[in-house]
Structures are given as C-alpha cells and as structure tokens.
Amino acid sequence: MKDEGTTRTGEWSGHQKDCDTDWALYHMLTDEKPVMIAELAERSGWSRDVVEASLSRLENNCLIAVMGESVSLLSLSDMLMLNEMMHAPDMPVYIENGVIKAKKQC
C-alpha cells in the first residue's frame with residue numbers, strides 16, 4: 001500500500017483532499033486566543049502555502065477570521081451574520097477588512 005504521509009515540503013501526497021486539510025487546521029484553532037499562521041504551519045507540518053490556501057478557504061466559508069498574521073475562530077453568531085451579509089444582496093451593509101460598512105444608496 002502506498003504511503004499516504006506528507007512530503008518533505010509538508011504537502012500531502014496521495015489522495016488527501018483540501019477539505020481534510022481545512023478540517024485539521026480548523027481543529028488546531030482555539031476559541032480562547034488567535035493563533036499565528038507560522039505556528040499553524042509548524043504544528044501541522046505543512047508548508048506555509050498549504051496552510052494559507054486552507055485558511056483562505058476557511059475564511060471564504062465564514063468559519064475563521066484572518067487578520068494579518070493571526071487567525072481566530074468566528075463565533076456562531078458571527079458566522080451566521082457574515083453568511084447573511086455575503087449572500088443577501090439586499091442587505092444595507094457589507095464587511096470590508098473586518099469592518100461593517102453601509103452600502104452607498106443610489
């Protein structure tokens with residue numbers, strides 16, 4: 001059977017899916033304090049590129065917040081609010097760089 005471990009650069013070999021990487025990184029985060037991206041790369045053993053790609057997917061799915069070099073979990077209420085704001089085109093507000101802003105009225 002082929003080894004399903006990681007390569008020397010920390011990237012998964014075999015059939016490791018992005019969602020498995022995302023799930024593993026998500027569970028390395030705690031709700032107590034932000035975690036640095038470099039720390040996640042070190043703890044996971046994956047390259048920084050792999051970690052950043054995963055964090056981007058998690059952030060796009062409204063599960064985490066990436067602020068510079070730190071990452072933190074979003075609360076359930078924040079997740080719901082972000083999803084509502086992203087997927088309801090008639091919402092009067094939007095979020096840009098973590099700041100809630102009013103949409104310009106025509």
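The table that follows gives values for the structure above.
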| item | result |
| --- | --- |
| Residue tally, condition modelled with pLDDT of 75 or more, closer than 15 Å to residue 49 by Cβ and of a type in the set (D, E, K, R), over the range 11-34 | 2 |
| Whichever residue in the range 76-106 is of a type outside the set (A, V, I, L, M), without any contact (Cβ under 8 Å) to a residue 24 or more places away in the chain and in a loop (DSSP other than H, G, I, E, B) and, among such residues, is farthest from residue 37 (Cα to Cα) | 106 |
| Candidates 65, 24, 38 - the one that is on the phi < 0 side of the Ramachandran plot and free of Cβ contacts under 8 Å to residues at least 24 places away in the same chain | 24 |
| Those residues of the range 54-65 which are part of a helix (DSSP H, G or I), out of contact with any Asp or Glu (no Cβ under 7 Å at 6 or more places or on another chain), at pLDDT below 95 and surrounded by 14 or more Cβ atoms within 10 Å (Cβ to Cβ), in sequence order | 59 |
| All positions within the range 46-60 that are over 19 Å from residue 30 (Cβ atoms) and either of a type in the set (D, E, K, R) or free of Cβ contacts under 8 Å to residues at least 40 places away in the same chain (or both) | 47, 48, 49, 52, 53, 56, 57, 60 |
| Checking residue 72 against (1) out of contact with any Leu (no Cβ under 6 Å at 6 or more places or on another chain); (2) part of a helix (DSSP H, G or I), the condition it does not meet | (2) |
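The values are calculated or read from the model by the stated rules, or taken from the named source; none is laboratory data. Predicted model, so just to flag it, every value in this text is computed and none were measured. Glycine gets a Cβ as well: all are built from the backbone with ideal geometry, and neighbour counts include every protein chain shown.
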